[in-house]
Amino acid sequence: MAELRDNINKRQGHPQDRRLNRDQAMRLSEGDFKFICQFVYETTGIVLNDSKREMLYRRLTRIVRERKLNSFADYCQLLREQGEQEKDFFINAITTNLTSFFRENHHFEYLTTEEIPALIKSKAAEANGKKRLRFWSSASSTGEEPYSLAITILEAMKSDLSMWDIKILATDIDSNVLAKGKAGIYDVNRIEDIPQKLKQSYFFQGCGKSSDSVKVHDKLKNLITFKQLNLLHDWPMKGPFDAIFCRNVIIYFDKKTQIELFARYYELLAPGGLLFLGHSENLGNYQQYFSNVGRTIFRKPY
Ligand SMILES: C[S@@+](CC[C@H](N)C(=O)[O-])C[C@H]1O[C@@H](n2cnc3c(N)ncnc32)[C@H](O)[C@@H]1O
């Protein structure tokens with residue numbers, strides 16, 4: 001990487017050329033824009049179009065600076081020559097990771113009032129052994145979604161957990177956000193809207209230098225496994241899942257990718273399992289295979 005960067009910088013030549021290049025550097029040519037869009041599409045499924053140009057420009061500017069390069073064109077060259085090594089860094093810089101605790105709270109309310117009581121009832125009839133519950137947060141970002149899910153489950157279960165085998169899988173393509181989720185440390189203002197009782201039960205307030213942050217309790221962490229997973233690639237897990245969260249991620253994909261993913265989610269859901277989508281997402285033609293049981297909540301038939 002350093003060697004390639006030096007070569008690129010050397011090729012800039014005379015200092016006067018460098019000055020010229022600096023002016024040109026902040027221009028994102030049509031060719032480079034198209035190349036970047038194609039690279040992003042092929043590696044992540046994310047569709048970037050003209051409406052995303054500004055956002056891409058800002059993020060690329062940061063990347064070029066961090067990589068100590070002189071222009072967008074240099075960065076495209078780096079991606080062409082060392083795309084495999086650069087991929088992780090690039091994806092982490094390009095993804096949109098916006099999330100929050102109990103985002104779209106109606107999903108957690110549905111779990112609390114309808115789904116978890118129903119699961120407790122139906123699994124009570126199961127024979128010996130621990131009763132299994134499996135959840136998947138499939139674009140978990142920095143972890144607020146799977147932690148909200150874990151709090152919801154623990155609050156709704158109430159009963160003795162020793163009879164239950166509960167696991168939440170949290171995956172994302174972005175290794176930085178996964179590390180943040182795994183650490184489970186957040187700015188205190190991220191939990192300001194959470195009821196006091198839940199804050200006390202599930203978060204430790206930092207002290208001294210860390211008084212601006214909170215750490216999630218181990219009883220949440222113990223339920224969750226964070227793993228890097230690109231939704232476009234193979235999924236190593238077998239399921240079946242009682243519920244899958246696929247929220248605010250398919251919005252970035254094209255219809256073809258969305259339908260492929262819906263079919264794969266369907267396969268991994270248990271009969272009667274739930275698929276949660278984000279507020280501006282829908283199943284399109286795939287809706288016929290599910291029943292719509294709430295706002296952006298879809299049930300696979302039993
Ligand atoms: C806007 S966040 C949504 C977070 C959370 N689900 C929510 O609704 O609050 C979208 C996440 O999708 C992830 N993502 C984008 N493309 C992906 C892919 N191909 N595979 C897995 N995750 C992806 C991003 O890294 C990002 O963290």
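The values are calculated or read from the model by the stated rules, or taken from the named source; none is laboratory data. Note that the coordinates shown come from a computational prediction; the quantities given were computed from them, not determined experimentally. Methodologically, a virtual Cβ is constructed for each residue, glycine included, from the backbone with ideal geometry; neighbour enumeration extends over all protein chains shown. SASA here: full protein model, heavy atoms, side chains in, ligands and nucleic acids out. Shrake-Rupley method; radii C 1.70, N 1.55, O 1.52, S 1.80 Å.
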Condition broken by residue 148, with the remaining ones in (1) surrounded by 21 or more Cβ atoms within 10 Å (Cβ to Cβ); (2) among the polar types (S, T, N, Q); (3) free of Cβ contacts under 8 Å to residues at least 12 places away in the same chain satisfied: (3)
Segment 261-296: number of residues that are among the charged types (D, E, K, R), within 16 Å of the ligand (Cβ to nearest atom) and farther than 16 Å from residue 173 by Cβ: 2
Spans of helices (runs of 4 or more DSSP H) in segment 1-103 with at least 2 residues modelled with pLDDT of 85 or more and farther than 30 Å from residue 248 by Cβ: 72-94
Unmet requirement for residue 88, which otherwise passes all of (1) assigned by TED's automatic domain parsing to the domain that holds residue 249; (2) within 27 Å of residue 140 (Cα to Cα); (3) open to solvent by 60 Å² or more (accessible area, probe 1.4 Å): (1)
Unique residue being closer than 23 Å to residue 278 by Cα and in contact with a Lys or Arg (Cβ under 7 Å, 6 or more places away or on another chain) when the list is 190, 134: 134
Filtered residues of segment 250-274 (kept if open to solvent by 30 Å² or more (accessible area, probe 1.4 Å), among the aromatic types (Phe, Trp, Tyr) and either touching a strand residue (DSSP E or B) at 6+ places or on another chain (Cβ under 9 Å) or without any contact (Cβ under 8 Å) to a residue 12 or more places away in the chain (or both)): 266
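Please specify each residue of segment 189-203 satisfying the condition of being open to solvent by 50 Å² or more (accessible area, probe 1.4 Å) and either over 17 Å from residue 143 (Cα atoms) or not in a loop (DSSP other than H, G, I, E, B) (or both).
Of segment 189-203, the ones open to solvent by 50 Å² or more (accessible area, probe 1.4 Å) are 189-190, 192-193, 195-197, 200.
Passing the criteria: 189, 190, 195, 196, 197, 200.
If you go through segment 95-136, how many residues are over 24 Å from the mean Cα position of the chain (by Cα) and at positive phi?
Count: 1.
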In segment 212-245, the residues that are assigned to a strand (DSSP E or B) and either open to solvent by less than 50 Å² (accessible area, probe 1.4 Å) or away from the ligand (no atom under 16 Å from the Cβ) (or both): 213, 214, 215, 216, 224, 226, 241, 242, 243, 244, 245
Cβ pairs under 6 Å, 6+ apart, first in segment 227-239 and touching a residue at least 12 places away in the same chain (Cβ under 8 Å), second open to solvent by less than 100 Å² (accessible area, probe 1.4 Å) and β-branched (Val, Ile, Thr): 227/171; 229/171; 230/173
Answer from 122, 148, 100 - the residue that is in the same structural domain as residue 254 (by TED's automatic domain parsing), within 16 Å of the ligand (Cβ to nearest atom) and polar (S, T, N, Q): 148
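For every residue, the table says whether it meets (1) open to solvent by 20 Å² or more (accessible area, probe 1.4 Å); (2) closer than 30 Å to residue 260 by Cα; (3) touching a Gly at 6+ places or on another chain (Cβ under 9 Å).
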{"position": "34", "(1), (2), (3)": "yes, yes, no"}
{"position": "38", "(1), (2), (3)": "yes, yes, no"}
{"position": "52", "(1), (2), (3)": "yes, yes, no"}
{"position": "56", "(1), (2), (3)": "no, yes, no"}
{"position": "64", "(1), (2), (3)": "no, no, no"}
{"position": "72", "(1), (2), (3)": "no, no, no"}
{"position": "75", "(1), (2), (3)": "no, no, no"}
When residues of segment 160-185 are limited to those that are within 16 Å of the ligand (Cβ to nearest atom) and of a type in the set (Ser, Thr, Tyr), the one most open to solvent (accessible area, probe 1.4 Å): 175
